[in-house]
Amino acid sequence: MRLAGPILRQLLTALAIVLVVFLLVRTIPGDAIDVLGIEGDLTEEEMAGRRAELGLDRPWIVQFRLWAEAALTGDLGLSLRFNRPVSDMLLYAAPSTLTLAGLSLSLGVVLAVTLAVGAAIWPGGFLPALVQALNVWSIAVPTFVVGLAAILVLSVWLGWLPVRGQLLSPVLILGLDIAGQIAKPLHEELKEVAASPFIRTARAKGLSRRAIVLGHVLPNAAGVLAAVAGLVLGGLVGGALTMEVLFGLPGLGSIAFQAIAGRDYPVVQAVIIIFALAVIVANLLADLAHTWADPRLASGGAGPGGGG
Amino acid sequence: MPEGIGPSLPTPALVLGADRPGDAGEALQRRLPDPLLLAVAVVVALILAAPALLPADPLAQDLFARNAPPGPPAWLGRDNLGRDVLARLLAGGRITLAIAAGAALLSLLFGAGLGLAALAAGPWASGPVFAVFDLVRAMPSILLALSLLVALGAGVGPVVVALGVSFAPTMAQLARAAWQRERQAGYVEAAVASGGTTWTVLRRHILPNVAGVLVTQLAIVLPRCVTSESVLSFLGLGVPPEVPTWGRMIAAALPFVERAPHAMAAPAAALGLLTLILALAGDRVRRHLDPLRRPA
């Protein structure tokens with residue numbers, strides 16, 4: 001029962017976002033045929049002919065229905081500029097973006113969990129301060145600026161990394177940023193857990209530190225991770241787009257920005273919608289994983305916190 | 001400031017002081033000599049006074065001095081079209097600051113203004129309004145700004161609107177939380193019972209209580225607007241190409257970064273410094289106004 005609510009709500013959100021993006025993209029003054037017309041010296045009649053051919057002269061509601069019907073079968077239309085299926089272009093670019101996002105997310109989560117658990121077990125050490133510092137870092141220093149600094153220092157000044165086409169800098173930058181966002185709420189939760197009576201009981205009955213951490217402390221991380229997932233993933237989408245353009249990496253971000261310059265609607269709306277849906281689905285999965293990891297929630301207890 | 005807050009609440013310190021006479025002076029005293037806020041003031045003043053201090057034209061090209069290294073008369077060097085980097089830096093700073101301030105204020109007006117108005121009007125208005133805010137919040141802010149800019153076209157106004165809308169839902173949420181908290185308070189019930197209209201209750205009782213939270217959020221949103229504006233214009237989505245902004249400068253310098261790192265280093269450092277001091281100052285404001293940190 002509890003699962004039906006979130007799934008339905010996320011489905012409605014997804015539908016609304018798809019519709020809004022479709023409408024927003026439709027309101028662009030001028031269309032791809034205008035751009036092609038200027039570049040290719042087309043006459044008015046030729047331009048009108050191309051519009052009719054592509055369905056750009058139909059009312060938007062008809063265009064949306066046709067697009068949505070095709071999209072459900074995996075056909076996202078043709079790129080107006082390259083005359084290639086949009087789905088092909090996106091499938092070609094997606095692995096690069098998924099690699100960047102996946103590596104950054106893994107690095108960020110592993111780093112955050114390690115630091116937060118360490119800081120909870122050894123509250124007197126330097127780890128709590130490190131968690132705090134990392135949090136301030138991710139709030140006060142935008143990844144865009146760190147990326148610029150990395151190019152200037154690591155690539156131009158020291159010459160350690162190429163300026164374009166390397167994954168190391170963007171993954172480190174995004175990973176550290178994600179770790180900074182997650183580590184602090186995680187540490188606060190685990191600190192409370194580590195100080196609670198059942199941990200003392202576990203210690204008293206002679207469990208090893210390893211068993212206590214893995215069996216009793218760590219499972220509590222799931223709730224925090226689920227609660228911040230939406231915020232973190234939303235930020236990751238923006239970060240990955242920026243890093244791709246900054247470090248000259250191929251991927252969905254690079255494709256999107258070429259498409260915007262060329263007013264290539266089908267590509268623009270497909271990329272925006274895919275990113276938005278990816279965040280929604282990931283959010284939902286985090287929610288479900290949380291429910292699975294914490295059986296109290298399934299029986300109608302309090303839901304995961306709304307982030308923060 | 002929205003008309004609702006009005007002239008009786010001119011500064012954050014006085015907003016605080018409205019219900020706690022002792023705090024206003026204290027907060028001011030603690031805040032005035034703050035080196036951080038002083039740094040903010042100096043940077044903002046420098047950027048605003050730029051045209052008077054430095055008469056160089058940010059748009060003038062000297063094609064014989066393309067990518068020239070720093071030295072007189074161009075103290076930070078020239079970019080790939082031979083334009084004075086320092087002049088562009090200062091001109092771009094004005095635009096970035098103006099856009100960020102405008103966007104932050106718009107998010108306040110749009111989020112808190114519309115949110116509170118809808119709450120005051122009743123569930124028939126607040127239901128749909130907050131459903132829209134939830135929808136906006138569900139979308140990653142860069143994608144939202146991107147879709148809005150694609151729809152609205154290039155220009156200063158569209159960027160302000162796109163950023164303002166992206167940051168509005170948080171403001172609306174804070175306003176709603178304060179509204180719900182205060183509505184249950186005994187003195188509000190008393191005000192309603194003694195015949196106060198919704199509008200009077202909103203203006204006299206809710207607004208003074210929500211103002212501190214909103215000013216704090218404004219201070220937090222401002223540096224984010226600076227960064228977002230720079231990222232958007234770096235990606236070619238912000239203001240028109242002929243307007244100098246830090247994001248545009250960085251985008252133009254990036255292909256030549258091996259030969260002319262100064263043309264990218266200057267706007268990158270300026271952006272980093274401005275967002276850092278604004279973020280730290282915002283945090284300072286938050287700590288001063290955070291009701292949880294003040295003794296009850």
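The values are calculated or read from the model by the stated rules, or taken from the named source; none is laboratory data. What you see is a predicted model, and the numbers here were worked out from it, not measured in a lab. As a convention, Cβ positions derive from the backbone with ideal geometry for all residues, glycine included, and neighbour counts pool all protein chains shown. Ligands, DNA and RNA are excluded from the accessible area calculation, which covers all protein heavy atoms including side chains. Shrake-Rupley method; radii C 1.70, N 1.55, O 1.52, S 1.80 Å.
Quick notes on this structure:
- Filtered residue count, region B:185-214, keeping only those that are open to solvent by less than 30 Å² (accessible area, probe 1.4 Å) and closer than 26 Å to B:Gly164 by Cα: 7
- At least 2 residues being modelled with pLDDT under 75 is the threshold, and among the helices (runs of 4 or more DSSP H) wholly inside region A:31-76 those reaching it are A:32-40, A:44-54.
- Boolean, A:Ser208 is open to solvent by less than 50 Å² (accessible area, probe 1.4 Å), over 18 Å from the mean Cα position of the chain (by Cα) and assigned by TED's automatic domain parsing to the domain that holds A:Ala112: no
- Checked across region B:267-290, the condition of being more than 14 Å from every other protein chain (Cβ to nearest Cβ), out of contact with any helix residue (DSSP H, G or I) (no Cβ under 7 Å at 6 or more places or on another chain) and assigned to a helix (DSSP H, G or I) holds for no residue.
- Here A:Asp177 clears all of (1) more than 14 Å from chain B (Cβ to nearest Cβ); (2) acidic (Asp, Glu); (3) open to solvent by less than 50 Å² (accessible area, probe 1.4 Å) except the condition numbered (1).
- Looking only at residues in region A:254-302 that are in contact with a Gly (Cβ under 9 Å, 6 or more places away or on another chain) and not in a helix (DSSP H, G or I), the one that is modelled with the lowest pLDDT is A:Asp294.
- Selection of region B:88-118 for residues being open to solvent by 30 Å² or more (accessible area, probe 1.4 Å) and of a type outside the set (Lys, Arg) yields B:Leu90, B:Ile95, B:Ala98, B:Ala101, B:Leu105, B:Leu106, B:Leu109, B:Phe110, B:Gly113, B:Leu114, B:Ala117.
Quick grid of which residues meet (1) crowded, with 22+ Cβ neighbours inside 10 Å; (2) on the phi < 0 side of the Ramachandran plot; (3) more than 14 Å from every other protein chain (Cβ to nearest Cβ); (4) more than 16 Å from the chain's Cα centre (by Cα):
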| residue | (1), (2), (3), (4) |
| --- | --- |
| A:Lys191 | no, yes, yes, yes |
| A:Ala194 | no, yes, yes, yes |
| A:Ile212 | no, yes, yes, yes |
| A:Gly239 | yes, yes, no, no |
| A:Phe257 | no, yes, no, yes |
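- Candidates A:Leu80, A:Leu103, A:Leu90, A:Leu152, filtered to the one that is of a type in the set (A, V, I, L, M), assigned to a helix (DSSP H, G or I) and either over 20 Å from the mean Cα position of the chain (by Cα) or buried (at least 22 other Cβ atoms within 10 Å of the Cβ) (or both): A:Leu152
- Among the residues of region B:134-156, the ones that are over 17 Å from A:Ala14 (Cβ atoms) and touching a helix residue (DSSP H, G or I) at 6+ places or on another chain (Cβ under 7 Å) come to 10 in all.
- Failed item in (1) away from every other protein chain (no Cβ under 11 Å); (2) at positive phi, with A:Gly159 passing the rest: (1)
- Those helices (runs of 4 or more DSSP H) lying entirely in region B:141-222 with at least 1 residues farther than 30 Å from B:Ala41 by Cβ and in contact (Cβ under 8 Å) with a residue 24 or more places away in the chain: B:141-152, B:156-183, B:198-201
- Residue count for region A:267-286, restricted to those that are surrounded by 23 or more Cβ atoms within 10 Å (Cβ to Cβ) and either in contact (Cβ under 8 Å) with a residue 60 or more places away in the chain or touching an Asp or Glu at 6+ places or on another chain (Cβ under 6 Å) (or both): 7
- Considering residues of region B:224-238 that are open to solvent by 10 Å² or more (accessible area, probe 1.4 Å), more than 11 Å from B:Ile250 (Cβ to Cβ) and not in a loop (DSSP other than H, G, I, E, B) only, the residue nearest to the other protein chains (Cβ to nearest Cβ): B:Thr227
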